[in-house]
1. Has the range 125-142 got at least one residue that is more than 21 Å from G226 (Cβ to Cβ), among the hydroxyl-bearing types (S, T, Y) and surrounded by fewer than 24 Cβ atoms within 10 Å (Cβ to Cβ)?
2. Give me the helices (runs of 4 or more DSSP H) completely within the range 66-167, filtered to those with at least 1 residues that are more than 23 Å from L254 (Cα to Cα), at pLDDT 95 or above and not basic (K, R), ordered by residue number.
3. Filter the range 249-258 down to residues that are surrounded by fewer than 22 Cβ atoms within 10 Å (Cβ to Cβ) and either farther than 18 Å from I95 by Cα or of a type in the set (S, T, N, Q) (or both), then give me how many there are.
4. Could you please tell me which pairs satisfy a Cβ distance under 9 Å, a separation of 6+ or placement on different chains, a first residue in the range 104-127 that is free of Cβ contacts under 8 Å to residues at least 60 places away in the same chain and under 19 Å from Y152 (Cα atoms), and a second residue that is of a type in the set (D, E) and buried (at least 16 other Cβ atoms within 10 Å of the Cβ)?
5. Of all the residues that make up the range 168-182, how many are touching a helix residue (DSSP H, G or I) at 6+ places or on another chain (Cβ under 9 Å) and surrounded by fewer than 16 Cβ atoms within 10 Å (Cβ to Cβ)?
6. Given the structure, is T217 surrounded by fewer than 17 Cβ atoms within 10 Å (Cβ to Cβ) and β-branched (V, I, T)?
7. Answer yes or no as to whether D252 is acidic (D, E) and either touching a strand residue (DSSP E or B) at 6+ places or on another chain (Cβ under 6 Å) or more than 23 Å from S178 (Cβ to Cβ) (or both).
Amino acid sequence: MNKHKPLITAAALLSVVCLIACFSVGCGDEQKPSETTVPATATPSPTAAATTRPTRPVNHVEESFHIEPTTVMQNAHMIGVDVMLQDELESGCEIYSAVTLLHYYGFKIDEFDFIEKFLKTEPVYTDDEGKYIGPDMNCAFAGDPYMGYGAYAPAMQKAINLFLTQEKSTRRAEVDKSSTMKELCEKYIDKDNPVMVWVTTDMFMPDGYVEWIVGYTDENAQYKEGDTFRWPTTEHCMLLIGYDDDNYYFADSLDATVVGYERESCEKVYKEMGSQAVYLK
């Protein structure tokens, strides 16, 4: 008697059952993308982009400029800070950087009080004609910090100074948009002053944008109402805290750790993002 015959028969029966089940549920059909899938080269809607901002980018350019976070070298000039984790405010890298900066100088505030009491926010929405409307990000945080877009240096400077004024502090936040990252280190890091900088996640050149029509401005505006604002979907704010001969080092709220990137990569991305920095004096 063939001992393997019952096993073969059982296997054959199992195959038939599986085949019938597959036809009943449609398995074997080619998986189709959902209607909301956006090609990498297209401009996603503000809603789609807002749900993906905190993630690491998938499609990169300039790969040769990127290195993994590196071990701090002995000759590095480093400023010690307590790095915060960007957990509840998923789109709040600028907020975590600002609060970390304030903590470094001894001020007591958390990220929630900062957005509720001091940070100007403006929604990004669709008007009656189907057009996306939002703020000049130099003037306000675009969208909801819990799941939105971001804010640029002048808007963050304004929020920080509102807090400092309430605290009756003589310190003030200032924007520096004329320096290279090397010059930021010479001006501020060498004097143990951390600096907020606007770059991208993983220090790749921006490769995707969301556009909206500017519907809100203030005294810091760099766009007029009716202009088109383009937001790089990989925009990221970190606190520059050190450097060595090869790398710049940052307090990164995405991972609540210190990361290092090769100098040339940082300079290129920083310039592309407008050479935006905020420091306290």
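The values are calculated or read from the model by the stated rules, or taken from the named source; none is laboratory data. Nothing here was measured: the structure is a model prediction, and the numbers come from that model. Cβ sites come from the backbone with ideal geometry, for glycine too, and all protein chains shown count toward neighbours.
1. Within the range 125-142 (the criterion being more than 21 Å from G226 (Cβ to Cβ), among the hydroxyl-bearing types (S, T, Y) and surrounded by fewer than 24 Cβ atoms within 10 Å (Cβ to Cβ)), the answer is no, since none of the residues qualifies.
2. Answer list for the range 66-167: 153-166.
3. 1
4. Correct list of pairs: L119/E94; T121/D144; P123/D144.
5. So the answer is 8.
6. Details: surrounded by fewer than 17 Cβ atoms within 10 Å (Cβ to Cβ): no; β-branched (V, I, T): yes.
No; evaluated as a whole, the condition is false for this residue.
7. yes
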